[in-house]
Each structure stands twice: as C-alpha cells, then as structure tokens.
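The values are calculated or read from the model by the stated rules, or taken from the named source; none is laboratory data. Everything numeric here is computed off the predicted structure, so don't read it as measured data. Every residue, glycine among them, receives a Cβ derived from its backbone with ideal geometry; neighbour counts consider all protein chains shown.
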C-alpha cells in the first residue's frame, strides 16, 4: 500500500545514496516550472527534461521514479518519439548517474545517457502496394 498516493508529500524525505534532503514541494512552483518545460519545442528533450525534473523534485512519498518515467513516456508516445526504458544491464549505471544528478542538478550527463541508451521505438518499413 502506498500512503497518500497522488498527493504532494508534506513530510521531509531523503533519497537513498544521497545526503541532501529535498525541499518540500510547493504546488504553485511545480506548476510554473512544468509550464516552462512544456514550452520546449523538441518533444524528446521535453520528455527527458520533464522526467528528470520530476524525479529530482521528489513530490511524493513513494513512486517518484515510476511517476516521472510515466510522465516522460506520455510526452514521448504522444509525439511518436518511442519510449524511455532503461535496459536491465544499464540499471546500475543509471542508478549511479541518478544519484550524481540528485546531488548536483547537472542534467547534461544523465540526459545524454538516457538519449543514447534508453530510448526505444519501432522502425516501420514502408507498406508495399499489392499488385
């Protein structure tokens, strides 16, 4: 059971592997920042930026990575860009990079890692006319 699922957390949380405590989420600030992310032209960049923003914000008591990945994938799928999926063999690398990102807020390295290794799509061959 997830306590207060879907509600912004109202207690401090820590993130495993880091020493920094996350600030309490402020709904109006999150809405403003999400609105700015929503203005990004490139849907893949927008999806990755949104995912990383949300995962670092730690808005909920539980499920922040899952929720963040789901939000990023919503943007990806809605724009025909494939999906974000971290392959099992890259999970340890992703976790290390995520912890570094939590600490630094430097998005460049983890975003490039995700872009190069964690976006899957389907390549369709053109339909051949029967005849």
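Number of residues in the range 1-23 that are under 18 Å from the mean Cα position of the chain (by Cα), loosely packed, with under 10 Cβ neighbours inside 10 Å and over 17 Å from residue 98 (Cα atoms): the value is 1. In the set (1) surrounded by fewer than 17 Cβ atoms within 10 Å (Cβ to Cβ); (2) part of a loop (DSSP other than H, G, I, E, B); (3) in contact with a helix residue (DSSP H, G or I) (Cβ under 9 Å, 6 or more places away or on another chain), residue 60 fails one condition alone, (1).
Here is a yes/no grid of residues against (1) assigned to a helix (DSSP H, G or I); (2) within 14 Å of the chain's Cα centre (by Cα):
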residue: 25; (1), (2): no, no
residue: 34; (1), (2): yes, yes
residue: 48; (1), (2): yes, yes
residue: 81; (1), (2): no, no
residue: 93; (1), (2): yes, no
residue: 99; (1), (2): yes, yes
residue: 102; (1), (2): yes, yes
residue: 113; (1), (2): yes, yes
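Whenever a residue of the range 8-20 is closer than 23 Å to residue 31 by Cα, its partners that are modelled with pLDDT of 75 or more and surrounded by fewer than 10 Cβ atoms within 10 Å (Cβ to Cβ), lying with C-beta atoms within less than 8 angstrom and at least six residues away or across chains, give the pairs 8/27. Entry remark, the range 63-75: residues being modelled with pLDDT under 95 and not in a loop (DSSP other than H, G, I, E, B) number 4 in total.
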